[in-house]
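Novice: Submitted below is the structure of interest, expressed as structure tokens.
The values are calculated or read from the model by the stated rules, or taken from the named source; none is laboratory data. Treat the numbers as computed from the prediction; the structure is a model and nothing was measured. With ideal geometry, Cβ positions are generated from the backbone for all residues, glycine too; neighbour counts draw on all protein chains shown.
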């Protein structure tokens, strides 16, 4: 697992993969895993500067370190940094589980055809995430308006990645999700691994897709499938 973006959600990934392994295997089982944690201060600065070339290099290097350490699959514990997924895939020979692919499968399983996408400004405005749902699964994706996107992004960076959970920010997200529901969203993708720290299923009236949980649990299933093939 490539973690640290932010470490608040990387902790949740660690918990989820171990819980899923125990659920599937029982007994005293947990999930053997390796996490390489980057310094989010550097990533946040590069994001602000729009220097994705350097971030490609950092993410590819992290992925190679994990493969060299014995990882059977690589998982990137963040949504936004999947902008670097092509660089990661090109740098390793083991499978890479894309978070949008896992999420699209979960949405399709619920037979939804139109969903809202919340995340950082990069995730909402760029196509790397939406394209997987639209082109590969035929799922329509709508995003908040510009003012709402700014609110969502600022709450993620100013509060959630710092571990701050505020009721007024939850209410802001709830209002945005309700408006998107009125626009026809049948569900909402919590497309930032920190958002589930703020929004729970009971906070809204449409289905939520917790990308952290979906991604982590799918990674365990993938790893067990690979292990079964090897054995």
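Novice: Which members of the stretch 120-133 meet the condition of being assigned to a helix (DSSP H, G or I) and surrounded by fewer than 17 Cβ atoms within 10 Å (Cβ to Cβ)?
Specialist: The answer is 125, 127, 131.
Novice: Oh, and also: Could you figure out which of (1) surrounded by fewer than 20 Cβ atoms within 10 Å (Cβ to Cβ); (2) under 20 Å from residue 56 (Cα atoms) isn't true of residue 81?
Specialist: Tallying (1) surrounded by fewer than 20 Cβ atoms within 10 Å (Cβ to Cβ); (2) under 20 Å from residue 56 (Cα atoms), residue 81 fails exactly one: (1).
Novice: Being farther than 20 Å from residue 220 by Cβ and part of a helix (DSSP H, G or I), is that true of even one residue in the stretch 23-37?
Specialist: Looking through the stretch 23-37, none of the residues is farther than 20 Å from residue 220 by Cβ and part of a helix (DSSP H, G or I).
Novice: Further, regarding this structure: Quick test for you: out of 177, 139, 155, pick the one residue that is over 21 Å from residue 50 (Cα atoms), outside the structural domain of residue 80 (by TED's automatic domain parsing) and in contact with a helix residue (DSSP H, G or I) (Cβ under 6 Å, 6 or more places away or on another chain).
Specialist: Answer to the check: 139.
Novice: Go over the candidates 16, 24 one by one and state the one that is surrounded by fewer than 16 Cβ atoms within 10 Å (Cβ to Cβ) and in contact (Cβ under 8 Å) with a residue 24 or more places away in the chain. Break it down stepwise before answering.
Specialist: Numbers: 16 fails: surrounded by fewer than 16 Cβ atoms within 10 Å (Cβ to Cβ).
Going through 16, 24 in turn, the sole match is 24.
Novice: What helices (runs of 4 or more DSSP H), lying completely within the stretch 134-231, carry at least 3 residues that are under 18 Å from the mean Cα position of the chain (by Cα) and surrounded by 19 or more Cβ atoms within 10 Å (Cβ to Cβ)?
Specialist: Fully inside the stretch 134-231 and qualifying: 146-158, 211-230.
Novice: Based on what the data block shows, is residue 38 crowded, with 20+ Cβ neighbours inside 10 Å and in the same structural domain as residue 7 (by TED's automatic domain parsing)?
Specialist: Judged against the criteria, residue 38 is a match.
Novice: Just checking, how many residues over the stretch 93-111 are touching a strand residue (DSSP E or B) at 6+ places or on another chain (Cβ under 8 Å), surrounded by 20 or more Cβ atoms within 10 Å (Cβ to Cβ) and more than 24 Å from residue 58 (Cβ to Cβ)?
Specialist: 2
Novice: Kindly indicate whether residue 90 is within 18 Å of residue 56 (Cα to Cα), part of a helix (DSSP H, G or I) and out of contact with any helix residue (DSSP H, G or I) (no Cβ under 6 Å at 6 or more places or on another chain).
Specialist: Numbers: within 18 Å of residue 56 (Cα to Cα): yes; part of a helix (DSSP H, G or I): yes; out of contact with any helix residue (DSSP H, G or I) (no Cβ under 6 Å at 6 or more places or on another chain): yes.
Against the criterion (within 18 Å of residue 56 (Cα to Cα), part of a helix (DSSP H, G or I) and out of contact with any helix residue (DSSP H, G or I) (no Cβ under 6 Å at 6 or more places or on another chain)), residue 90 qualifies.
Novice: Count, please, the residues in the stretch 64-92 that happen to be touching a residue at least 60 places away in the same chain (Cβ under 8 Å) and over 26 Å from residue 189 (Cα atoms).
Specialist: Looking only at that region, the number is 2.
Novice: Something else about it: Does the stretch 44-53 contain at least one residue that is buried (at least 17 other Cβ atoms within 10 Å of the Cβ), under 16 Å from residue 216 (Cβ atoms) and touching a residue at least 12 places away in the same chain (Cβ under 8 Å)?
Specialist: No.
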